[in-house]
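Report on the following structure.
Bear in mind that the values in this text are calculations on the coordinates, not laboratory data. On a predicted model such as this, the values are computed, not experimentally measured, just so you know. For neighbour counting, all protein chains shown are included, and Cβ atoms are generated from backbone atoms with ideal geometry for every residue, glycine included.
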Amino acid sequence: MNNIPKYSLIIPIYNEEENIPELYRRISAVMDRMDGSVELILINDGSRDRSLEILRDLHEKDSRICYLSFARNFGHQIAVTAGLNFSSGQVAVIMDGDLQDPPELILDMVEQWRLGYQVVYAQRTQRRQEGWFKRLPAYMYYRILRNLADVDIPIDTGDFCLMDRCVVDVLNAMPERNRYIRGLRAWIGFKQTAVKFERDPRFAGDVKYTFSKSFALAMNGLVSFSKVPLQLSIYLGLFSALVSVLMAFLVLYWRLFSPGAALSGLTIIIMAVFFLGAVQLVSIGILGQYIGRIYEEVKGRPLYTLAEVAGFADRQNKQKSS
Ligand code: UDP
Ligand code: MG
């Protein structure tokens, strides 16, 4: 029983060789200040740099460190999911590996957990040194999502959070492949609260969430938590029906009162064809978003392939012998 850690810290790593030493320095200082045993779970998401070797060294040096290594890059949400699957702490904390999420905040989160909250999420008050081209879409997106989603997903929150075991167990039991963890976390419920923080700039290296990865995540959030886009085609359809009735009246009017003008009808016809074409393509595209996800779910493939696992078995062996 003694070997089950109280806290599991989960950090996905994708080409972060320049960040890991500093990350380890700061996080181990925090771990030393925590009031119970800690396991640090690092997930190597198919890095192509020296990240995995650095993780191996750290594991040799520090028995609190366990790591998983994927056979290829599966993406951040899946890496976090794997970390949660392997975690055994009473409490799990998810954070990024680039020090944009300050590790020291974990102590504040734990304090809230002690007060009886099962989910404590970090809410950004500022994104330092991130350009408007990232801030503006993020600002708009979170507000649109809040209006459309079936569950109340708090604005300006990422995946940096603390979750009690009861929440982690529910999350682990969720079978879906298209995982939008901050949404699933809100869906689960229990007592949730925020701690505010200023998001620091990346310690080193480039952003690993490329524009296309961020866009895919944003789409996932919308499609997984809202059926409003599906209903959009009904409204678009009704709107274009209304436009065509108005046009019919217009043509009638021209015929009756100004016969010469009716000849410009060709422009109107071309416009109507394009308009209807656009409405139909948009509707089919929206359908495609949902059907594509149904297809993914139905295939039922495993979420990730593991190439290497270290640190967990030791603990299990110890547990058996004790
Ligand atoms: N990450 C990952 N797999 C990916 C992309 C990113 O595991 O395919 C990790 C990355 O190493 C970092 C975290 O996810 O620890 C957040 O990535 P990043 O800092 O690039 O994203 P942002 O700060 O824009 O959210
Ligand atoms: Mg980052």
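Things worth noting here:
- Integer Hz, Karplus 6.51/-1.76/1.60 couplings in order for the range 95-111, x for Gly and Pro: 8, 7, x, 10, 6, 6, 9, x, x, 4, 5, 4, 5, 5, 5, 4, 4
- Per residue Cα convex hull volume in Å³ - calculated over the range 195-244: 161 Å³
- Rough spin-label spacing in nm, given labels placed 7 Å along Cα→Cβ, for MET34 and GLU308: 2.3 nm
- Over the range 101-147 - Rg/Rh using Cα atoms and the Kirkwood inverse-distance radius: 1.10
- Considering all C-alpha pairs of the range 163-290, those separated by over 20 Å amount to 69%.
- Distances between placed amide hydrogens fall under 5 Å for ALA307 paired with SER69, PHE70, ALA71, all partners being 5 or more residues away or on another chain.
- Kirkwood-type radius of the range 152-210, with distances r between different C-alpha atoms, in Å: 13.6 Å
- Dipole of the range 132-277, positive direction: furthest Cα of SER214, MET247, ILE188, with charges on the beta-carbon: SER214
- Extension gain from MET219 to SER63, taking 0.36 nm per residue of separation minus the Cα-Cα distance: 52.2 nm
- Residues ASN147 and SER240, FRET efficiency given R0 of 22 Å [Cβ-Cβ distance, rounded to 0.05]: 0.35
- Dipole magnitude of the range 149-234, debye to nearest 20 (Cβ charges: Lys/Arg +1, Asp/Glu -1, about Cα centre): 140 debye
- Selected from SER283, SER47, SER258 as most flexible by GNM, with the chain as the system and alpha-carbon contacts under 10 Å: SER258
- The chain: radius of gyration and largest Cα-Cα distance (Dmax), Å: 25.3, 97
- Sequence-distant residues sharing a close amide H with LEU9 (under 5 Å, placed H): GLU39, LEU40, ILE41, VAL93
- Furthest towards positive pole of dipole, TYR141, LEU68, GLY311, structure part the chain, Cβ charges: TYR141
- 3J(HN,Hα) couplings calculated from phi for the range 176-182 with the Karplus curve 6.51 cos²θ - 1.76 cosθ + 1.60 (θ = phi - 60°) are, in sequence order, 5, 8, 7, 9, 10, 4, 5 Hz; Gly and Pro show x.
- Summarising the amide proton neighbourhood of ASP96: residues at separation of 5 or more, or on other chains, whose placed amide H is nearer than 5 Å comprise ASP101.
- Taking the number of Cβ atoms within 10 Å of each Cβ as an exposure proxy, the fewest-first ranking of ILE11, ILE78, ILE269, ILE155 is ILE269, ILE155, ILE78, ILE11.
- One quarter of the convex hull surface built on the alpha carbon atoms of the range 116-219 amounts to 7.4 nm², the projected area averaged over directions.
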